[in-house]
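What follows is a single structure, written as structure tokens, with notes after it.
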Amino acid sequence: MDIFDAVADASIAQDEPWRELASCREVPPVLFFADDKDHEKLELAKSFCATCPVIDDCYNYWASLPADERKYGVWFGTTAKERRRADRARRLARAAANSA
């Protein structure tokens with residue numbers, strides 16, 4: 001899976017009933033798959049999530065995707081880089097707890 005496949009898959013989410021209420025419903029999906037270094041676009045994408053009434057549905061949809069499809073894009077107000085950092089922090093905390 002690459003970034004182009006991820007954008008195409010995000011378009012499939014358009015068919016999800018909760019998307020009718022999503023703050024990003026009129027926004028082209030490509031905005032949510034900007035390059036990790038394009039902070040301006042990523043912050044713009046995240047701004048739609050900040051007040052979104054269906055952010056939990058967005059998370060649940062993202063969580064239902066295969067792991068290789070979850071690597072890309074802004075989902076439920078987080079960038080791929082932010083999610084990687086959070087996952088790493090959780091793994092380290094778990095390892096520390098298990099070794100204590």
Number of positions in the stretch 35-49 that are closer than 13 Å to Trp75 by Cβ and either at pLDDT below 90 or in contact with a Gly (Cβ under 9 Å, 6 or more places away or on another chain) (or both): 4
Qualifying residues in the stretch 67-85 (those that are in contact (Cβ under 8 Å) with a residue 24 or more places away in the chain and among the basic types (Lys, Arg)) - the one surrounded by the fewest Cβ atoms within 10 Å (Cβ to Cβ): Lys81
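Would you mind finding the one in Ala6, Ala13, Ala67, Ala22 that is at pLDDT 90 or above and small (Gly, Ala, Ser)?
Details: Ala6 fails: at pLDDT 90 or above; Ala13 fails: at pLDDT 90 or above; Ala67 fails: at pLDDT 90 or above.
Unique residue meeting the criteria: Ala22.
Hey, can you tell me all the residues within the stretch 48-63 that are of a type in the set (Phe, Trp, Tyr) and touching a Ser or Thr at 6+ places or on another chain (Cβ under 7 Å)?
If we filter the stretch 48-63 for residues that are of a type in the set (Phe, Trp, Tyr), which is where we start, we get 48, 59, 61-62.
Of everything in the stretch 48-63, just one residue is of a type in the set (Phe, Trp, Tyr) and touching a Ser or Thr at 6+ places or on another chain (Cβ under 7 Å), namely Phe48.
When you look at Pro53, is it loosely packed, with under 12 Cβ neighbours inside 10 Å, farther than 18 Å from Arg84 by Cα and either in contact with a strand residue (DSSP E or B) (Cβ under 9 Å, 6 or more places away or on another chain) or modelled with pLDDT under 95 (or both), yes or no?
No.
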Inter-residue pairs, beta-carbon under 6 Å, first within 18 Å of Glu26 (Cβ to Cβ) and in the stretch 52-66, second among the hydroxyl-bearing types (Ser, Thr, Tyr), 6+ apart: Cys52/Ser23
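The values are calculated or read from the model by the stated rules, or taken from the named source; none is laboratory data. For clarity, every value in this text was computed on a predicted model and none was experimentally measured. Here the Cβ is made from the backbone with ideal geometry for all residues, glycine too, and neighbour counts use every protein chain on show.
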